[in-house]
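Engineer: There's a structure below that I have some questions on.
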Amino acid sequence: MNPIAAATEAVRPSARADSAVTPEPRLLVADRAAQLYSQLPVGLAASVAIIVVAVYALRYSSHGWVVYGWAGMALAITAARAGLWWGFQRSANTGQARRWMRRLAIGALANGTIWGVLASMFFGLTGEHEQLFILLVLAGVMVGGISMYAASWPMYALYGAPIALPFTYGLATHEEHLLQAVAVLVPMFYAVSVGVAYRLNQLFLSGFRSQHAYRKLNAEYTALNQRLAQQLEELSVARSQVEASGRKLALFVERSPIAVFELDPQGRALHVNPAAENIFGYGENELSGRVIAEYLFPPERRLEVAVRWKAMLHTRQPAMLLRQRTRRRDGNEIVCEWSLTPLVNSEGRVISVIAQGRDITQQLEAERLKQEFTSTLSHELRTPLTSVIGALQLVNSGVVGAPDAETLELTAIAERNSQRLLELINDLLDLEKIESGKLPVELQVMPLDELVREALVLNRAYGDRFKVCFEVTGELLPARVRVDRRRVLQVMTNLLSNAAKFSPEGAVVEVSMLDQGAQVRVGVHDRGPGIPASFHARIFSRFAQADMSLTRQKGGTGLGLAICKRLLELMGGRIGFSERAGGGTTFWFELPKQA
């Protein structure tokens, strides 16, 4: 591959990363092209200034006409690069990014050649002062090129090579031994500069990938949230219709997607709806008057089914969510979730039983895939993302050198977005562990007031970030509770961080403890905008965020309160909220006291 092609194709190795979160290579190329062209005006202005200064410094040399000839060529190339920048600004086709990168690589080569010609033509023909001037100019343009082409290290290498090579040759063939020694250092300086450009290039790529990954995940989870909200509304409407139409009519609706059987107390089929015929492959005439257990369950499972059937007839209470492997007419087995509802007359006798069966085979497969996805997310996304954040923090702290303001702004944005993405991933993993029952909870009896004090200390810096302070109102009660220390601190951190984010600057977030008899209540009181009444019922749901515009400014995933609710339930507690007089909200949680 030639150097110009390498400058435009350097993104390809990274495109073979995890396709679930890595943006398409064309998007990365477009980002890099936009970054490089955005810095081009500064480079053009610097080139013109250096050319003018060089002409002024070398105008009285013995080869003055060569100086002006070189200046004309340099200005012509600079003008061509300016035209290239103008053409890119007017182009709205992001699909041509590779073509614009190739053109910019040619411009970088031509730009480097300008300064290489300066070294090769004038260094040996001028005096000591002019030679020192040329040496400083070449060092300056080499260093300046790092920031100009940091988003593409091959382009920087292409730019620096025609500067370093002729200058090295000129120094090596000079009569002065000192300059011959400098000739050895120039290639080393060039190699180090290429290495720095390569490192900056990797950081830019990491930032671009993080931005695209965050946008993609945010769009997917927003769409998921909308679909879940729509499904919940549809279920609510369906429930109202069932209650209005009557239980039996709703159960036997012919268009129901759930298999419905009406059975007599002996388990013989009285009625079969079309969905049951489609799911199990038996027609209503084949099952009518026959014990359906003999058709739907293999012999080794019929005893268990018979035991559950007798228990349901004895108690006359519905048996819900009975999961059983069921056999279809073609011999294939599916997993069904059964609900048995006895219909009892006024004399207390069971006259029939409504059996509802729902095929959950695909649901179980989806749950398995979901668990695999969670494991993949944990190992393949969170670990490299932590490394990306660490690298960005090194750049932003200046450890690897002081980047220019424009680069620092980009890396700071990338770090913030990466942190938000990592928080979202951690919250999703915690919620998944809680709902699957795999979250370890170590319950121990300990004083709750000490945990509250520790949470205040741990979150003080977070409050300072939003110019909010945390204060205790009243006394912290020495109540002992049986909890998991780490999970209580997680709940407190979430409530305190929410209060800090949504409180005005200079506000005080108050923390209190209240003895409720058998329970002890911890309250976090803020002076934020409050919670709309229409949102009260969904405040502890997954991805629940009341004011999306404000949330985007303050940050958040919409999972924190859902996680708090489930953690407190695991420890025997509960959580709630109330409006404050004068504005704001109080979030509280209660835990049972221990002797």
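Engineer: Roughly how compact is the stretch 364-435, stated as its Cα Rg over 2.2 N^0.38 Å to two decimals?
Structural biologist: After normalising by residue count via 2.2 N^0.38 Å, the value is 1.43.
Engineer: Separate question: Counting only Cα atoms, I'd like the Rg/Rh figure for the stretch 419-466, Kirkwood definition for Rh.
Structural biologist: Taking Rg over the Kirkwood Rh, I get 1.09.
Engineer: Counting other beta carbons within 10 Å of each residue's own, what order do L568, L270 fall into, fewest first?
Structural biologist: On the way: L568 19, L270 13.
Final ranking by Cβ density, sparse to dense: L270, L568.
Engineer: Pull up the cross-link candidates among the aspartates and glutamates for K310, meaning alpha carbon to alpha carbon under 15 Å and not fewer than 8 places away within one chain.
Structural biologist: Partners within reach: D264.
Engineer: Please arrange M188, M492 by how many other C-beta atoms lie within 10 Å of their C-beta, fewest to most.
Structural biologist: The most exposed by this proxy come first: M188, M492.
Engineer: Among the listed pairs K565/K593; K216/K467; K438/K565, which have their C-alpha atoms separated by more than 23 angstrom in this model?
Structural biologist: Table pairs above 23 Å Cα-Cα are K216/K467.
Engineer: Please work out how much length the chain gains when fully extended from L75 to K370, using 0.36 nm per residue of separation minus the C-alpha to C-alpha distance, in nm with one decimal.
Structural biologist: My answer for the length gained is 100.1 nm.
Engineer: When D264, D359 are ordered from fewest to most other Cβ atoms inside 10 Å of their Cβ, what list results? Mind dumping the intermediate values first?
Structural biologist: Details: D264 14, D359 19.
Result, fewest neighbours first: D264, D359.
Engineer: If you don't mind, another one. Could you list which residues have their amide H under 5 Å from that of R580, counting only those 5 or more apart in sequence or on another chain, with H placed in the peptide plane?
Structural biologist: Residues meeting the criterion, in which the H sits 1.01 Å from N, are T585, T586.
Engineer: Please give me, ordered by residue number, the trypsin sites (Lys or Arg not before Pro) of the stretch 312-396 that lie in loop per DSSP and have at most 12 other Cβ atoms within 10 Å.
Structural biologist: R316, R349
Engineer: Shape call for the stretch 444-592 from the C-alpha gyration tensor, a ≥ b ≥ c root eigenvalues: rounded (a/c under 1.5), prolate (a/b greater than b/c) or oblate?
Structural biologist: It comes out prolate by the Cα gyration axes.
Engineer: How large is ³J(HN,Hα) for each residue in the stretch 525-530, as worked out from phi by the Karplus curve 6.51 cos²θ - 1.76 cosθ + 1.60 (θ = phi - 60°), to whole Hz, x for Gly and Pro?
Structural biologist: 10, 10, 10, x, x, x
Engineer: Between A181 and M320, what length comes free when the chain is fully extended (0.36 nm per residue of separation minus the Cα-Cα distance, one decimal in nm)?
Structural biologist: 41.3 nm
Engineer: Roughly how far apart, in whole Å, are the Cα centres of the stretch 206-223 and the stretch 455-488?
Structural biologist: The stretch 206-223 and the stretch 455-488 have Cα centres separated by 33 Å.
Engineer: Separate question: The stretch 398-492: which trypsin sites (Lys or Arg not before Pro) are DSSP loop and have at most 10 other beta-carbon atoms within 10 angstrom?
Structural biologist: K438
Engineer: Sticking with this structure for a sec: Just grab the label-to-label distance for V192 and L232, each label 7 Å out from Cα along the Cβ direction, in nm (one decimal).
Structural biologist: Computed distance between label sites V192 and L232 equals 6.0 nm.
Every number in this text was worked out from the coordinates using simple rules, so none of it is lab data. Note that the structure is predicted; figures quoted are calculated from it, not measured. Glycine also receives a Cβ, built like all others from the backbone with ideal geometry; neighbour counts cover every protein chain displayed.
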